[in-house]
Structure formats: C-alpha cells, structure tokens
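Each remark here refers to the structure printed beneath this line.
The values are calculated or read from the model by the stated rules, or taken from the named source; none is laboratory data. All figures in this text were calculated on a predicted structure; none of them were measured in a lab. Cβ atoms come from the backbone with ideal geometry, glycine included; neighbour counts cover every protein chain shown. Side chains included, ligands, DNA and RNA excluded: accessible areas come from the protein's heavy atoms. Shrake-Rupley method; radii C 1.70, N 1.55, O 1.52, S 1.80 Å.
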Amino acid sequence: MPVTQLPADQRFFADLLSGLVLNPQQLGRVWFASAPKTPPAGSLCLDLPRLDVVLRGEYGNKLEQAQRTLTQGEMLFIPPRAANLPLFTRSTMVLSMVFAPAWTGMAFYDCRSGGTPGPLRKIEIAHQQRGEGEAMLTALTLLSRSPQDQSIIQPLMLSFLHLCRKSVTTRADATPTRPQFLYQSMCNWIQDNYAQPLTREDVAGFFNITPNHLSRLFSQQGTMSFVEYLRWVRMAKARMILQKSPLSIGDVALRCGYPDGDYFSRVFRRQFGLTPGEYRARFQ
C-alpha cells in the first residue's frame with residue numbers, strides 16, 4: 001500500500017524507517033545492552049527485545065561506559081531481560097522499538113533541552129507474519145554474546161529494519177493480496193515441515209507454482225530468499241532443542257532437516273558464531 005494512504009502516525013514511522021533502510025551507508029555500529037543480576041533503579045528492563053536507533057545528536061546507555069555516547073546511525077539492541085538507562089543529550093532524536101509476539105511498539109523521542117523526554121509519537125503495529133522476524137530477533141539476541149562480529153550483525157540488522165518498515169507500511173485491516181497470502185502460506189508450511197529434506201522444487205510443487213515463481217514471491221514479499229528463510233527456521237528450531245534436550249548433535253541435525261551432522265555444525269557456526277556444542281554449553 002502506498003505510504004500516503006496510511007494513517008498519519010503510521011505514515012510518520014514509515015517515513016522514519018524508509019530513511020534508515022534507503023540510506024544504509026549512514027547506519028553505524030550495533031551495540032548490545034547486558035543483563036544485570038539486579039536492574040539498577042530507574043533502568044528499563046523488559047522480557048521483550050528492544051531497539052533504539054539514534055536519528056540525530058547523541059544518545060547513550062548510562063549503565064555501560066562504552067555506550068554513553070552513541071551518535072547518529074548507531075543502534076542499541078536490548079535483548080530480553082537486559083537493561084538500559086537512557087541518556088539523552090541536547091537535540092537528540094531517537095526511534096525506539098519494542099517487539100512483542102503479536103505486535104511491535106514504536107516511539108519517537110525529540111529532546112531539544114536535555115533530560116529524559118516523553119515520546120512525541122508512538123504507535124503499535126500488529127505483526128503481519130510469523131517466523132521471519134522471530135528468527136532475526138533470536139539471532140540478534142544470540143549475537144549479543146559476540147558483539148565484535150559486526151560484519152554479521154550489521155547486514156542482519158539492516159534486513160530486520162526492512163522487515164519493520166514492511167510491517168508499518170501495511171494496513172492492519174488490509175485484505176492480503178494473492179501473492180501475500182501465498183507467500184505467508186509457504187512460510188507457515190515451512191515452519192511446520194522444516195524437518196523434511198525440503199528443496200525449492202518440493203515447496204513449489206506442493207503449492208502448484210513454478211520454482212521461479214516461488215523465488216520471486218520470497219524476493220518481493222519478504223526480506224530473505226527461500227534458502228535463507230529455510231535456514232533461519234531450522235537454526236531457530238536447533239537452538240531451542242540444544243537449550244532443552246540432551247540429544248546428540250547428529251540427532252539434533254536430523255530433527256532440523258540436516259542428514260549430515262558436520263554440515264549442520266558448519267551452518268550453525270556460520271549463522272551464530274558458535275558451534276552447536278559451544279552454544280549448548282552456555283545453558284548447562
């Protein structure tokens with residue numbers, strides 16, 4: 001839907017996100033807040049992941065010395081149960097987002113005189129799809145343990161901002177088009193059948209479309225290719241199994257659609273910067 005047809009507040013946040021994703025060269029480092037044993041007085045600590053983007057001026061997190069002066073284009077990702085204490089300076093503009101299972105909250109702060117301002121605009125956007133955003137948030141939360149891997153983190157964050165922009169430019173009451181409905185149906189089907197040895201041709205055949213049509217749908221309706229989306233779904237499921245189950249790495253691989261345990265381990269490490277064994281050890 002054209003941005004000009006959206007409600008005023010929704011159009012405002014769509015314009016903010018468009019300015020970010022259409023000028024990726026202006027985006028900077030992604031910082032990560034940590035989870036203290038006891039959140040300090042006045043700090044913000046939620047069970048939901050959050051993201052603050054500096055649009056202008058300087059903004060910071062008082063709880064961590066290295067994060068006290070974030071400049072335009074830099075971002076602070078706050079994983080679930082992590083904490084931050086916002087530090088606003090003169091002429092600061094910040095886009096703040098919180099991600100719940102069924103909605104995304106967005107707030108815009110414009111601080112002209114220092115202090116801690118209230119949001120000038122805020123909105124809640126219902127999620128239009130499941131899976132893709134959840135997989136990205138999961139990956140960002142895991143990558144918070146390897147914040148130096150900016151060559152992995154920054155492209156992932158840009159894709160996530162594209163997804164946020166897509167959600168805010170879609171009217172909640174809009175009837176999905178046939179391509180949108182078909183794309184969403186395929187995403188849901190993949191999430192239910194990820195353990196099978198799926199190929200692009202398999203999924204296209206199930207939905208009675210050509211493989212090239214499937215690729216176009218993923219390119220036009222989503223932010224990942226078919227192969228990338230399938231990998232993210234499988235990796236998210238693998239992460240959950242590794243946290244909760246004593247299964248061998250080979251068995252985890254099989255349950256996630258990878259008959260070759262060594263290949264699974266290489267993909268997992270490339271995705272998260274840790275081997276499956278190293279990841280599991282963090283939860284023991």
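For region 193-273, what % of the accessible area comes from carbon and sulfur atoms, probe 1.4 Å?
50
Can you tell me how much longer the chain between Ile209 and Thr89 gets when fully stretched, taken as 0.36 nm per residue apart minus their C-alpha distance, in nm with one decimal?
37.8 nm
Run the helix sum for the chain: -39,500 (n - 2.57) per DSSP H stretch of 4+ residues, divided by residue count, reported at 222 nm to the nearest 500 deg cm²/dmol.
-13500 deg cm²/dmol
Above 14 Å lies some portion of the pair distances; for region 1-71, what is it as a whole percent of all C-alpha pairs?
Here the tail beyond 14 Å accounts for 70 percent of pairs.
Round to a whole number: what % of the accessible area of region 41-112 belongs to carbon and sulfur, probe 1.4 Å?
Carbon and sulfur: 51 percent of the exposed surface of region 41-112.
On a full-extension model of 0.36 nm per residue, what is the gain between Lys37 and Asp9, subtracting their alpha-carbon distance, rounded to one decimal in nm?
Full extension from Lys37 to Asp9 adds 6.4 nm.
Mind checking the per residue accessible area of region 1-54 for me, 1.4 Å probe, whole number of Å²?
Result: 53 Å² of accessible area for each residue.
Taking a temperature of 20 °C and a viscosity of 1.002 mPa s, what whole-number D in µm²/s does Stokes-Einstein yield for the chain with Rh from Kirkwood over alpha carbon pairs?
106
How much accessible area per residue does region 213-272 have, in Å², with a 1.4 Å probe?
Counting only protein heavy atoms, the per-residue value for region 213-272 is 49 Å².
Using a Debye calculation, one point per C-alpha and no hydration shell, please list log10 I(q)/I(0) for region 157-214 at q = 0.21 Å⁻¹ in order.
Ignoring solvent entirely, the Cα scatterers give -0.95.
Set Lys and Arg Cβ to +1 and Asp and Glu Cβ to -1, take the dipole of region 140-257 about its Cα centre, and tell me which of Phe207, Leu247, Thr223 lies farthest positive.
Thr223
Using a Förster radius of 35 Å, what is the FRET efficiency between Gln65 and Asp110 based on their Cβ-Cβ separation? Nearest 0.05, please.
Efficiency at R0 = 35 Å is approximately 0.85.
Work out how far the C-alpha atoms of region 125-230 reach from end to end along every principal axis, then list the three figures in whole Å, largest first.
Largest first, region 125-230 extends 44, 36, 22 Å along its Cα principal axes.
Calculate how steeply helix 211-221 sits against the longest principal axis of the alpha-carbon atoms of the chain, using the helix alpha-carbon long axis, and give the answer as 0 to 90 degrees to the nearest 10.
The helix 211-221 is inclined about 10 degrees to the chain.
Asn193 versus Arg145, label points 7 Å from Cα toward the beta carbon: distance in nm?
3.3
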